[in-house]
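Have a look at the structure below, then the notes.
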Amino acid sequence: MLKQCGMHSPLHHRLKSMRNPSASLLYIIFMMLFSLAAYGQELPSQQTIPQKAQRLLQAYPDQHLKYHDNRIIFEDGTSIVFDDGKTKDFASLLDDSDIEDMFSMQYISEGTPGYLQDAGRSRCEPFFKKMYGRDAKTVSKNLVVVSWFGEKIKFSRINGAADHLKAVADEIAREHPELISYMKSAGTFYWRKVRGANRQSSHSYGIAIDIAVKQSNYWRWDHSKAGETDPIEYKNRIPMEIVDIFEKHGFIWGGRWYHYDTMHFEYRPEFFEQPRGN
Ligand SMILES: [Zn+2]
């Protein structure tokens, strides 16, 4: 791909032209150290993959992703920068997220989310568009029908997202039939921006589902005047048994966000340690 190997320096020519022996010796030592350092960097086997990149590679095995030189490389050879090196405030973490920023907050599967804990709301748009489709038409081509408690809903087949959603439906029907009244879908695929923002909603990629609108809470509904960093009071009425099953199959829940959106579930396997579902 890249890489220019070896350091074929014209060392001997240079030495001949040097008159001062101690300067020559220093030059040799310097060149040896420099060559060693350069050699070490060029060995792919010695490259350490950042833990966050490793998690991404493991979470999306179907993509056959690779990491090299601060880039995530796709199967077709195209690549996206991993860490842009910018220091970001809360707003930029959402609006200008690189792949590394997606992991800036930890997804915690218990308790009430802490102030500005919004793990998963940061999405590197080029990364998701590359996997699921760059526009509505391309995403649509990858949507398949999932049977959802008497409804037929569409979800992306990419990364097995639709299969994982099907597994959620099967498990809730089997283990918690008393909760089926919560499962009415309020929408899956919809190419749109996040409400009140200029970034693409995860519904655009066919990897998110909203359920139980009547029993749901959304921070913008409850705190219509609040800005992104204002303190807000948390609310939820979605039974945790439902959340547990979604999370087991690789879905994050909008109710784990400080900016809660309790109807919202989204396939994001990179937030879970173990391979999810079957
Ligand atoms: Zn949603």
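Candidates are the residues of segment 165-183 that are in contact (Cβ under 8 Å) with a residue 24 or more places away in the chain and within 27 Å of the chain's Cα centre (by Cα); the one that is nearest to residue 137 (Cα to Cα) is 165.
Beta carbons closer than 7 Å, at least 6 apart along the sequence or on distinct chains, never pair a first residue in segment 214-240 that is outside the structural domain of residue 184 (by TED's automatic domain parsing) and among the acidic types (Asp, Glu) with a second that is loosely packed, with under 13 Cβ neighbours inside 10 Å and in a helix (DSSP H, G or I).
Being among the polar types (S, T, N, Q), more than 19 Å from residue 258 (Cα to Cα) and in the same structural domain as residue 264 (by TED's automatic domain parsing) is the requirement here; does residue 147 meet it? The answer is yes for residue 147.
Out of curiosity, is residue 162 surrounded by 14 or more Cβ atoms within 10 Å (Cβ to Cβ), within 16 Å of the ligand (Cβ to nearest atom) and at pLDDT 95 or above? No: the conditions fail for residue 162. Counting the residues of segment 169-205 that are within 12 Å of the ligand (Cβ to nearest atom) and either outside any strand (DSSP E or B) or of a type outside the set (A, V, I, L, M) (or both) gives 13.
Of note, residue 150 satisfies the criterion of being under 20 Å from residue 264 (Cα atoms) and over 18 Å from the mean Cα position of the chain (by Cα). Has segment 210-217 got any residue that is in contact with a strand residue (DSSP E or B) (Cβ under 6 Å, 6 or more places away or on another chain), under 22 Å from residue 125 (Cβ atoms) and within 16 Å of the ligand (Cβ to nearest atom)? Yes, there is a match, as at least one residue in segment 210-217 is in contact with a strand residue (DSSP E or B) (Cβ under 6 Å, 6 or more places away or on another chain), under 22 Å from residue 125 (Cβ atoms) and within 16 Å of the ligand (Cβ to nearest atom). From the list 242, 238, the lone residue that is more than 23 Å from residue 94 (Cα to Cα), over 21 Å from the mean Cα position of the chain (by Cα), within 14 Å of the ligand (Cβ to nearest atom) and crowded, with 16+ Cβ neighbours inside 10 Å is 238.
For segment 47-97, filtering for residues that are free of Cβ contacts under 8 Å to residues at least 12 places away in the same chain, in a loop (DSSP other than H, G, I, E, B) and hydrophobic (A, V, I, L, M, F, W, C) leaves 1. Flag set for residue 253, criterion: within 23 Å of residue 103 (Cβ to Cβ), of a type outside the set (D, E, K, R), crowded, with 20+ Cβ neighbours inside 10 Å and without any contact (Cβ under 8 Å) to a residue 40 or more places away in the chain. If you filter segment 30-89 down to residues that are surrounded by 11 or more Cβ atoms within 10 Å (Cβ to Cβ) and of a type in the set (Phe, Trp, Tyr), you find that the one that is modelled with the lowest pLDDT is 39.
It is to be established whether one or more residues within segment 100-115 are over 24 Å from residue 258 (Cα atoms) and at pLDDT 95 or above. No: zero hits.
The values are calculated or read from the model by the stated rules, or taken from the named source; none is laboratory data. Bear in mind that the values here come from a model prediction, so they are computed numbers and not experimental data. Neighbour counts are summed over all protein chains in view; Cβ atoms, including those assigned to glycine, are modelled from backbone coordinates with ideal geometry.
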